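The values are calculated or read from the model by the stated rules, or taken from the named source; none is laboratory data. As the structure is a prediction and not an experimental result, all values here were calculated from the model. Here Cβ is always computed from backbone atoms with ideal geometry, including for glycine, and neighbour counts include all displayed protein chains. For the accessible areas, the whole protein counts, side chains as well, though only heavy atoms, and no ligand, DNA or RNA atoms are used. Shrake-Rupley method; radii C 1.70, N 1.55, O 1.52, S 1.80 Å.
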Amino acid sequence: MTNYADLLAHVTIFQHLEPAALERLSARLKVITFPKDGVIVSQSDPGDSMFIIDQGRVKVVLYGDSGREVILSIFRSGDFFGEMSLLDGQPRSANVIALEDARLLVLSREDFVQHLHEAPSTALSILAEMSARLRRADEVIGNLALLDVYGRVARVLVELARRDGHTTDEGIVIRERPTHQDLAAMIGTSRETVSRVLSEFQRRGLLSMQGKTSLLSHGFAEIDIGPETASSS
Ligand code: CMP
């Protein structure tokens, strides 16, 4: 049996656990894989399990009647999702789609409840993580109402730089920049507008892009976007 204790030790809600508890939890997980674009969770479906990402990135997305999409969050290795239906017994609140081939670990409600009996402190960690996600959702709502489209594109780039970027002499490099379409869906605008704003940032020397890699100038990456949340989402 594969041991996922090392991965679990990096998941925010489990990182406080002792090695023995991580081992016990690891034994309860099942592996499931999805190809790129695979639908992992469908909004409104019943759900009684949560997922931990071992490999690949996923997007949490809502679809409007016209097919337009809004991306609520992007998760990657070490993140978890699907906890909302598991906790409140309601249908899935959003769709979760694989952005690339993904390998996930599944924890059923029954096994999660069993784990909580053995390690009640996980309940506090889940509350902390859900607060962090609510803070981020508050920020996104505020940005939609308060920032113009330049501010929203800038903010999402700075957030990506903070989470995934690495610093070089020239600036901060983001390796896996989401597509223009996905950036648009993250900030409630059109792909064309995102392309126009990114071109403008490039023209002003704030940003350069090559394939999926972007380089944010130091000045740009240091824009104050408020406090860092504990969540990696
Ligand atoms: P669940 O409702 O079971 O299935 C969809 C999942 O998407 C949900 O659990 C959360 O894990 C995740 N999710 C829903 N809304 C958000 C959000 N605003 N930010 C981050 N994750 C979310």
Report summary line: Just one listed residue, out of 111, 79, 101, is touching a Lys or Arg at 6+ places or on another chain (Cβ under 8 Å), under 18 Å from residue 54 (Cα atoms) and touching a residue at least 60 places away in the same chain (Cβ under 8 Å), and it is 101
Query - Extreme residue, most open to solvent (accessible area, probe 1.4 Å), among residues of the stretch 50-103 that are within 13 Å of the ligand (Cβ to nearest atom) and of a type in the set (S, T, N, Q) - result: 90
Report task. Would you check if residue 113 is of a type in the set (A, V, I, L, M, F, W, C), more than 13 Å from the ligand (Cβ to nearest atom), in a helix (DSSP H, G or I) and at pLDDT 90 or above? Result -> yes
Query raised in the report: Does at least one position in the stretch 128-149 carry a residue that is in contact with a Lys or Arg (Cβ under 8 Å, 6 or more places away or on another chain), assigned to a helix (DSSP H, G or I), modelled with pLDDT of 95 or more and open to solvent by 10 Å² or more (accessible area, probe 1.4 Å)?
Result: no
Query raised in the report: Which of the residues belonging to the stretch 104-115 are open to solvent by 50 Å² or more (accessible area, probe 1.4 Å) and of a type outside the set (Asp, Glu)?
Result: 109, 113, 114
**Report entry** Every pair of residues 6+ apart whose Cβ atoms lie under 7 Å, when the first sits in the stretch 16-39 and is within 21 Å of residue 110 (Cβ to Cβ) while the second is of a type in the set (Asp, Glu)
**Finding:** 21/118; 24/118; 28/111
Query raised in the report: Out of the residues in the stretch 35-49 that are more than 22 Å from residue 3 (Cβ to Cβ) and open to solvent by less than 70 Å² (accessible area, probe 1.4 Å), which is farthest from the ligand (Cβ to nearest atom)?
Result: 38
